[in-house]
Amino acid sequence: SWIEGDDASRESFWGRLFGKIRRGLMIRHYLILRLQRRQYTDPTVRAIVAISGMIKDDMIRFHTVDPERIRVVFNGVDIARFHPRLRDEVRERERSRLGVGEDEIVILLVANNFRLKGVLPAVRMLPRLSDLVDRPFRLFVVGRGDTKKYLKEAKRLGVRDRIRFLDYVPDMPPLYAAADIYYHPTFYDSCSLVVLEAFAAGLPVITTVKNGASGAITEKAVGRVLTDPRNVEETARALAAFFPRAARERALEATMRLRDAYDDTRNIDRICLLYTSDAADEEDSV
């Protein structure tokens, strides 16, 4: 599934072909696939934990794993650390530090692998979003990587002033507090923690079907799930839907109802329950 996403993220036919040839010549690639298949199909393995529904589907699709053996335990985050109350505490100060205007919409994207996480499609979406909305906005991309290609494309499209790259951010919660929308146009993520962090912080989230964390978006009030990160029209309209303050307030109310489901303590409890229940079943069988 990651390979599919990695290939899809490459812009050209030749780039995709090169990726396939490179993998075909790597012994490590075949060893990894063999180890994966071995662990997923081992008949002595009693249960497999998938960190999202998407990963469960991938295990079934690629390795024909019995669905009854798979338990979905969603990734968890520290919902006390990533909390909407930070908006009252640090939002004004953080936006001032970033040079953001009072009426400006801040769209946040966090990624280290710019290609796989869809930064180029994000840049190419900006002109269409500019056409759809009538208020100032900027896309802040947080992560380490070579920005030249993306800034050049933004300049070519006339949206250089709409995007800003931030390198390393040691403490993310204040940045979520400063943002208005979280946007993650990834070509592959098993279950993106930054999406769950943004969700816990009360932000509406726009991501793709190739992100396992999209399973957290169970209603339109909290976000949108894109079918294709390169679909400029679909993406721009999804983002524009959360420009009105009322839409973002509804997202905040909805995420407050749902955020407990992604508490990291709940994740730990479910893992422990899985171990103890399976151990009990084993004792009963003996």
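Scanning segment 32-50 for residues that are of a type in the set (Val, Ile, Thr) and either within 24 Å of the chain's Cα centre (by Cα) or closer than 23 Å to Asn211 by Cα (or both) yields a total of 3.
Does at least one position in segment 158-167 carry a residue that is closer than 30 Å to Asp264 by Cβ, small (Gly, Ala, Ser) and in contact with a helix residue (DSSP H, G or I) (Cβ under 9 Å, 6 or more places away or on another chain)?
Looking for residues that are closer than 30 Å to Asp264 by Cβ, small (Gly, Ala, Ser) and in contact with a helix residue (DSSP H, G or I) (Cβ under 9 Å, 6 or more places away or on another chain), one finds none in segment 158-167, hence no.
Starting from segment 112-135, keep only residues that are farther than 30 Å from Pro170 by Cα, then list their pairs with residues that are in a helix (DSSP H, G or I) and open to solvent by 60 Å² or more (accessible area, probe 1.4 Å) whose Cβ atoms are within a distance under 7 Å, requiring at least 6 positions of separation or different chains. These pairs meet every condition: Arg128/Glu233; Leu132/Arg237.
Checking the stated criteria, Thr218 turns out to be at pLDDT below 95 and under 30 Å from Asp7 (Cα atoms).
If you go through segment 128-147 and pick out every residue that is of a type in the set (Lys, Arg) and modelled with pLDDT of 95 or more, you end up with 2. For segment 236-256, the set of residues classified as open to solvent by 60 Å² or more (accessible area, probe 1.4 Å) and closer than 19 Å to Val194 by Cα consists of Met256 only.
Screening Glu233 against (1) touching a helix residue (DSSP H, G or I) at 6+ places or on another chain (Cβ under 9 Å); (2) open to solvent by 20 Å² or more (accessible area, probe 1.4 Å); (3) assigned to a loop (DSSP other than H, G, I, E, B) leaves a single unmet condition, (3). I need the full set of residues from segment 154-165 which are open to solvent by 10 Å² or more (accessible area, probe 1.4 Å) and either among the aliphatic types (A, V, I, L, M) or part of a strand (DSSP E or B) (or both), in order please. Once the filter is applied, which keeps residues that are open to solvent by 10 Å² or more (accessible area, probe 1.4 Å) and either among the aliphatic types (A, V, I, L, M) or part of a strand (DSSP E or B) (or both), segment 154-165 yields Leu157, Arg164, Phe165.
With open to solvent by less than 10 Å² (accessible area, probe 1.4 Å), among the aliphatic types (A, V, I, L, M) and on the phi < 0 side of the Ramachandran plot as the only criterion, which of Leu109, Leu151, Leu86, Leu132 stands out?
Details: Leu151 fails: open to solvent by less than 10 Å² (accessible area, probe 1.4 Å); Leu86 fails: open to solvent by less than 10 Å² (accessible area, probe 1.4 Å); Leu132 fails: open to solvent by less than 10 Å² (accessible area, probe 1.4 Å).
From the options Leu109, Leu151, Leu86, Leu132, the qualifying one is Leu109.
Filtered by the rule that a residue be closer than 30 Å to Met172 by Cβ, outside any strand (DSSP E or B) and either open to solvent by 60 Å² or more (accessible area, probe 1.4 Å) or free of Cβ contacts under 8 Å to residues at least 60 places away in the same chain (or both), segment 60-79 gives a lone residue, Asp78. Residues that are open to solvent by less than 60 Å² (accessible area, probe 1.4 Å) and within 21 Å of Lys117 (Cβ to Cβ) within segment 4-34 comprise Gly5, Asp6, Asp7, Ala8, Ser9, Arg10, Ser12, Gly15, Gly19, Arg23, listed in sequence order.
Does Ala247 qualify as being modelled with pLDDT of 90 or more and assigned to a helix (DSSP H, G or I)? For Ala247, the condition - modelled with pLDDT of 90 or more and assigned to a helix (DSSP H, G or I) - is met.
The values are calculated or read from the model by the stated rules, or taken from the named source; none is laboratory data. Source: prediction; values computed, not measured. We place every Cβ from the backbone using ideal geometry, glycine too, and count neighbours over all the protein chains shown. These area figures cover heavy atoms from the full protein model, side chains too; ligands, DNA and RNA do not enter into them. Shrake-Rupley method; radii C 1.70, N 1.55, O 1.52, S 1.80 Å.
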